[in-house]
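**Student:** Right, I'll just put the structure down here and ask away after.
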Amino acid sequence: MSDFNIRYWDQLYQNGQTGWDIGYVSTPLKEYFDQLTDKNIKILIPGAGNAYEAEYLHKSGFTNVYVLDFSAESIRKFQKRYPEFPEAHLISEDFFTHHGQYDLIIEQTFFSSIARKLRPAYAQKMHELLKPGGKLTGLLFTHEFNFQAPPFGGTIQEYRDLFQPYFAFKAFDMTYNSIKPRAGRELFFILQKK
C-alpha cells in the first residue's frame with residue numbers, strides 16, 4: 001500500500017542509509033517506558049526499523065513486545081544485533097494488512113516514513129489494532145522537511161485533526177526531553193482509543 005515499497009526500504013538498510021536512526025531508544029520514549037508498571041501488556045512497534053525500543057523493553061522485562069516491519073532486511077539486522085528477542089514476536093509484514101489486538105502501540109519515525117495520502121488510513125488502522133482503551137504513544141515531527149522521500153513532517157493541527165475522530169488526547173505536547181538534534185521539533189503524545 002506504500003509508495004515506498006519493500007525493496008526501497010530493504011536497500012536503505014542494506015546500504016546503511018538510515019539517517020533517522022539515532023542508535024538507541026530516544027529519551028522521551030525511554031522515560032515513558034520506565035514508568036510503565038504492567039510488564040505483561042501486549043505492545044506493537046510498527047515500522048520498527050532497528051527496533052531499539054523493542055530491545056530496551058525486552059531487556060526491561062516486558063514479555064509481550066512485537067516488532068513489525070515490512071523490510072525483511074531490518075528484521076534480519078535486528079535479529080542479528082539482538083538474538084535474545086523472541087523470533088515469534090518478529091513480524092515482517094505490511095502494517096496496513098496486519099491483524100492483531102494490542103494494549104499499546106509505539107510510534108517512532110514510522111508515521112514520517114509513509115506517504116502523506118496514507119495518513120488517514122494510518123489513524124484508522126491504529127484504532128483498529130488497539131484493544132478497547134488501548135493507547136497509541138510516541139513522537140511526531142512538528143515541522144516540514146524539504147524532501148521528496150521520507151521523512152515527511154507535519155503540523156500539530158494536522159495531527160490533531162487526523163487523530164481526533166478515533167482517540168482521546170491524554171498528552172499532546174511539545175517534547176521537553178528530546179535528544180539534542182530534535183529539540184523543539186517533536187511532539188510527544190499519548191492517545192487513548194475511543
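The values are calculated or read from the model by the stated rules, or taken from the named source; none is laboratory data. Fair warning: this is a prediction, and the values are worked out from it, not measured in the lab. Because the Cβ atoms are built from the backbone with ideal geometry, glycine has one as well, and the counts that use them run over all protein chains shown.
**Student:** Say we look at region 94-120 and pick out the residues that are modelled with pLDDT under 95, surrounded by 16 or more Cβ atoms within 10 Å (Cβ to Cβ) and not aromatic (Phe, Trp, Tyr); which of these is farthest from Ile45 (Cα to Cα)?
**Tutor:** Among them, the one singled out is Leu118.
**Student:** Additional query: Condition test on Gln14, is it of a type outside the set (D, E, K, R), exposed (fewer than 14 other Cβ atoms within 10 Å of the Cβ) and at pLDDT 95 or above?
**Tutor:** Judged against the criteria, Gln14 is not a match.
**Student:** Across region 60-73, what is the total count of residues that are touching an Asp or Glu at 6+ places or on another chain (Cβ under 8 Å) and either farther than 18 Å from Tyr102 by Cβ or aromatic (Phe, Trp, Tyr) (or both)?
**Tutor:** 4
**Student:** Does Leu140 satisfy the condition of being among the aliphatic types (A, V, I, L, M), in a strand (DSSP E or B), more than 22 Å from Asn40 (Cβ to Cβ) and at pLDDT 90 or above?
**Tutor:** Yes: the conditions hold for Leu140.
**Student:** Do we have Leu90 as at pLDDT 95 or above, farther than 21 Å from Ile190 by Cα, under 15 Å from the mean Cα position of the chain (by Cα) and buried (at least 18 other Cβ atoms within 10 Å of the Cβ) here?
**Tutor:** yes
**Student:** So, one more: Please specify each residue of region 144-193 satisfying the condition of being basic (Lys, Arg), free of Cβ contacts under 8 Å to residues at least 60 places away in the same chain, outside any helix (DSSP H, G or I) and surrounded by 13 or more Cβ atoms within 10 Å (Cβ to Cβ).
**Tutor:** Across region 144-193, the qualifying residue is only Arg185.
**Student:** Checking Glu128 against (1) farther than 27 Å from Arg182 by Cα; (2) touching a residue at least 12 places away in the same chain (Cβ under 8 Å), only one condition comes out false. Which one?
**Tutor:** Here Glu128 clears every test but (2).
**Student:** Filtering region 124-137 down to residues that are assigned to a strand (DSSP E or B) and at negative phi, which residue is farthest from the chain's Cα centre (by Cα)?
**Tutor:** Applying the filter and picking the extreme gives Pro132.
**Student:** Scan region 45-63 and report the pairs whose first residue is closer than 18 Å to Ala88 by Cβ and modelled with pLDDT under 95 and whose second residue is charged (D, E, K, R) and not in a helix (DSSP H, G or I), with Cβ atoms within less than 6 Å and a gap of 6+ or a chain change.
**Tutor:** Filtered contacts from region 45-63: Ala48/Asp69.
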